[in-house]
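Structure first, commentary second.
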Amino acid sequence: MPKVWIERILNEPELYLLRVDDDQVKYFEAAWEIPEGITYNAYLLKLGNAVVLFDAWKKDYTEEFIEALSKLVDPKEITHIIVHHTEPDHSGSLPKVLELNGYRAQLIGTGFAKKLLEAFYGSKVAENFHIIKDGEEMKIGGKTFRFITVPWLHWPDTMITYVVEDGLMFGCDVCGGYSIPEGIDDINEEVVQKYLPYVAKYIVTVIGHYHKYIVQNMEKLKKLGIIEETRMILPGHGLIWRKNPKRIFEYYEAVGAGIPKKGKILVIYDSMYGFVEGAIKIALDELKKHGYNPVVYKFTDREAPPVSDILGDIPDSEALIIGASTYEANIHPRVRYVLYEIVDKANYEKPVLVLGSYGWGGVAGKEIETIIMKSKFDLVETIEARGRATKEDERRIREGVKKLLERLNK
Ligand SMILES: Cc1cc2nc3c(=O)[nH]c(=O)nc-3n(C[C@H](O)[C@H](O)[C@H](O)COP(=O)(O)O)c2cc1C
Ligand SMILES: [Fe+2]
Ligand SMILES: [Fe+2]
């Protein structure tokens, strides 16, 4: 049984969190390894003459959602349902809610959200749907609800809601993250420290393809004064931010822009029989000589790290070293896939040094170069050895590392 939280967040106005801890999921979007799990957060706001539901849970947890919701309100009494984003991790249990509600509630969202709800669940679900305009304000239960579109965070349908009088920002995917935090909010610093790396992993794997929109949309929210004024951020995944809401905004901005942490070099490689590894060891030794302590991910016949973890480590890295063996006239399949995802989801202007090893004709290096050249990454050099690195290869690798570090210190 998944853990379900029904927590009163505020007394005035009467605001509740409905959260389910999904510890059964293995791959988010059938792609990203998340042994750490994820939470789906919905919220209920009870106002004088209105009961507002903000999003819902994934379909798998519909029964649990209805049970939790019914402890707070008779679903028939819900007057408004705000649909920030229709990805089924937030909308899956809405059809059941509407059925129990007798389709009385007015749905509020973007035009895209209406179309997608119809496409996913049939037209009846979106019969009573108000399409918002960007920046539109509505009075609901005596409060001012401002709806702001944040396209591509995470889909074209996405918006946030800002309740003006109380400074509440409902973000859905915006300001969310993976994992199942032990608490519900950012009050405990230990919980926050443990959680933040999962936010980076979430941003890259889920929204990374659109990461320039993170920066744009955060800028938009800043200009509207929302980042200054917000008292509480209530996302659709992970922790609520009430002690320091600005912190998660800034974290999102930094990940979106790929702001590096001084000294963090990411090393990713495969090695079937140890030859690429030999070359990498030389590079690691050279890095150490210059005072760097790199983060290393390797694919061997003993280990294969989760690609989603590698992706999460890219935004705050200063530089990358990629090592690959040539495999059937191509890049080794593991590194080929990782690289494909890196340039798609975590495409940042960071220097890259490429190391390779081949048997009868080096191809991996050239292929990686071609991919890097088409991306925003900045290729420093490609150094390939036939089999194990010779003394001359070692000299070139050490020079290559020095060149990489020079780029950083420019
Ligand atoms: C399945 C397999 C396919 C390979 N395909 C190629 C190839 O197409 N071209 C080549 O030059 N070497 C090829 N090699 C040789 C390796 O690239 C070479 O031995 C390299 O040094 C391996 O480094 P590693 O042990 O660190 O993986 C292949 C090796 C294996 C096991
Ligand atoms: Fe989403
Ligand atoms: Fe989501």
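The values are calculated or read from the model by the stated rules, or taken from the named source; none is laboratory data. Just so it is clear, the model here is predicted, and its values are computed rather than measured. Heads up, the Cβs are rebuilt from the backbone with ideal geometry, glycines too, and the neighbour counts pull from every protein chain shown. Note: areas computed on protein heavy atoms with side chains; ligands, DNA, RNA excluded. Shrake-Rupley method; radii C 1.70, N 1.55, O 1.52, S 1.80 Å.
Would you work out what percent of the accessible area of segment 35-166, with all protein chains in place, is carbon or sulfur (probe 1.4 Å)? Solvent-exposed carbon and sulfur of segment 35-166 make up 52 percent of the total. Applying 0.36 nm per residue to the separation of GLU349 and LYS288 and subtracting their alpha-carbon distance, the gain on full extension is 19.6 nm. In a fully extended conformation the segment linking LYS115 and VAL215 would gain 33.3 nm over its present Cα-Cα distance, using 0.36 nm per residue. What does the charge count around PHE275 come to, taking other residues whose C-beta lies under 14 Å from its C-beta (Lys +1, Arg +1, Asp -1, Glu -1)? The answer is -2. A simple count of charges around GLY365, restricted to other residues whose Cβ falls under 11 Å of its Cβ and scoring Lys, Arg +1 and Asp, Glu -1, yields -3. A probe of 1.4 angstrom, applied to the heavy atoms of all protein chains, finds GLU137 with accessible area near 100 square angstrom. Backbone geometry of segment 338-345 corresponds, through the Karplus equation with coefficients 6.51, -1.76 and 1.60 at θ = phi - 60°, to 3J(HN,Hα) couplings of 4, 5, 4, 6, 4, 6, 7, 9 Hz, x marking Gly and Pro. Net charge of the neighbourhood of PHE377, taken over other residues with C-beta under 11 Å away and scored Lys/Arg +1, Asp/Glu -1, is 0. Put a dot 7 Å past the Cα of GLU229, heading toward its Cβ, do the same for ASN49, and the two dots end up 2.5 nm apart.
Relative protection proxy for 223-235, 117-129, from highest mean packing down: 223-235, 117-129 (other beta-carbon atoms within 10 angstrom). If you take every DSSP beta bridge whose two residues both sit in the chain, what share of them, in percent to the nearest 5, is antiparallel? Taking every DSSP beta bridge with both residues in the chain, the antiparallel ones total about 50 percent. When the Cα atoms of segment 265-404 are aligned to their principal axes, the ranges along those axes come out at 36, 35, 30 Å in descending order.
Take every pair of alpha-carbon atoms less than 8 Å apart whose residues are at least six positions apart; their mean separation over the length of the chain yields a relative contact order of 11 percent.
Over the chain, the alpha carbon radius of gyration divided by the compact-protein estimate 2.2 N^0.38 Å works out to 1.11. Solvent exposure of the chain amounts to 42 Å² per residue of accessible area, where only protein heavy atoms count and the probe is 1.4 Å. For LYS58, the solvent-accessible surface with a 1.4 Å probe is about 50 Å², rounded to the nearest 10.
Selection among ILE233, PRO88, ILE321 by position relative to the dipole of the chain gives ILE321 as farthest towards the positive end (Cβ unit charges, Cα centre). Global dimensions of segment 198-277 from alpha-carbon coordinates: Rg and Dmax equal 16.8, 57 Å.
Relative contact order for segment 213-294: 23 percent, from Cα pairs under 8 Å spaced at least 6 residues apart, divided by residue count. How tilted is helix 245-257 with respect to the longest principal axis of the chain? Cα atoms for both, answer in degrees (0 to 90, nearest 10). Relative to the chain, helix 245-257 is tipped by roughly 40 degrees.
Ranked by solvent-accessible area (1.4 Å probe, protein heavy atoms only, all chains present), the residues ASP60, ASP185 order from largest to smallest as ASP60, ASP185.
Computed over the chain, the per-residue total of -39500 (n - 2.57) for DSSP H runs of n ≥ 4 gives a 222 nm mean residue ellipticity of -10500 deg cm²/dmol, rounded to 500. Take every DSSP beta bridge whose two residues both sit in segment 265-404; close to 5 percent of them are antiparallel. If the segment from GLU399 to LYS222 were pulled out straight at 0.36 nm per residue, it would be longer than the present Cα-Cα gap by 59.3 nm. May I ask you to derive the FRET efficiency for ARG386 and ASN330 from their Cβ-Cβ distance with R0 = 22 Å, giving the value to the nearest 0.05? Once the sixth-power term is evaluated, E becomes 0.80.
Taking label points 7 Å from Cα along the Cα-to-Cβ direction, ARG302 and MET1 give a separation of 4.3 nm.
Rg then Dmax, both in Å and based on the Cα atoms of segment 363-410: 12.1, 34. Between the alpha-carbon centres of segment 348-406 and segment 189-251 there is a gap of 35 Å. Nearest 10 degrees is fine. How inclined is helix 391-409 to the longest principal axis of the chain, computing both from alpha carbons? Approximately 40 degrees, to the nearest ten.
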